[in-house]
Amino acid sequence: MNTDFTENFVRSPGKLNQKPALVLNADYRPLSYFPLSLWSWQDAVKAAYLDRVNIVAEYDDIVHSPSVNIKIPSVIVLKNYVKPSTSTAFTRFNLFLRDEFTCQYCGSQGEMTFDHVLPRSRGGKTTWENVVAACSPCNLRKAARSIKESGLQLRRPVIQPSIGQLMNAGRKFPPNYLHESWTDYLYWDAELES
Ligand SMILES: [Zn+2]
């Protein structure tokens with residue numbers, strides 16, 4: 001199984017402690033969707049203190065410093081517009097999202113691993129075009145063989161998704177945790193979940 005390639009993926013930014021803030025661009029849309037732009041409360045408070053962001057919504061919790069008491073921001077908006085990235089970050093989550101958390105060989109869902117279509121031992125790269133979500137049985141069955149040798153078949157072409165494609169997939173898989181103050185700025189409508 002491919003377990004040693006994760007270092008090739010973009011790591012998700014920072015460790016988000018409790019009470020993250022949703023970060024909006026100056027146009028009030030999330031700075032990024034995948035990953036969702038979240039800052040730790042420490043970064044959010046600091047940015048507000050430095051006057052780089054406006055606070056749009058807050059948690060009920062208050063942090064104290066010697067001079068000020070400030071409610072922890074739950075939504076902040078950048079004062080200066082940042083041009084959004086047009087390419088999709090190659091992350092573990094985005095790759096699973098592209099494949100809709102579905103094994104690209106047998107279509108099963110559940111616990112997923114990553115599989116290099118052209119095995120690394122044969123020069124296969126860790127790229128959008130060569131890595132797919134796979135269940136453990138298929139991953140084991142394929143092992144270090146090519147698709148042809150393994151007798152497996154890919155369910156669809158393996159390509160780098162557009163932001164729009166990831167957003168469509170994202171509608172089916174909302175994050176587990178969304179603070180209520182974020183929902184005005186996100187597209188994860190409750191109706192879409194049924
Ligand atoms: Zn499978």
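Amide H contacts of Ala134: Gln104, Thr113, Phe114, Asp115, each under 5 Å away and 5 or more positions distant or on a separate chain (H built 1.01 Å from N in the peptide plane; Pro and chain starts excluded). Cross-link partners among lysines for Lys19, C-alpha distance below 21 Å, same-chain residues fewer than 8 apart left out? Filter leaves Lys46, Lys71. Residues His116, His179, arranged from fewest to most other Cβ atoms within 10 angstrom of their Cβ, appear as His179, His116. Fewest-first ordering of Ile147, Ile55 by other beta carbons within 10 Å of each residue's beta carbon gives Ile147, Ile55. Region 92-150: Rg/Rh from Cα coordinates, Kirkwood Rh? Radius of gyration relative to Kirkwood radius: 0.94.
Using Cα-Cα distances under 8 Å and only pairs 6 or more residues apart, what relative contact order does region 92-150 have, in percent?
Values: 83 pairs, mean separation 21.1, N = 59.
Relative contact order for region 92-150 comes out at 36 percent.
Restricting the chymotrypsin sites (Phe, Trp or Tyr not before Pro) of region 37-131 to loop positions (DSSP other than H, G, I, E, B) with no more than 13 neighbouring Cβ atoms within 10 Å leaves Tyr81.
Of the residues Asp115, Asp27, Asp99, the one with the fewest other Cβ atoms within 10 Å heads the list, and the complete ranking is Asp27, Asp99, Asp115.
FYI, it's all coordinate maths here, none of it is from the lab. Treat the numbers as computed from the prediction; the structure is a model and nothing was measured. Note: ideal-geometry Cβ built from the backbone for every residue, glycine included; neighbour counts use all protein chains shown.
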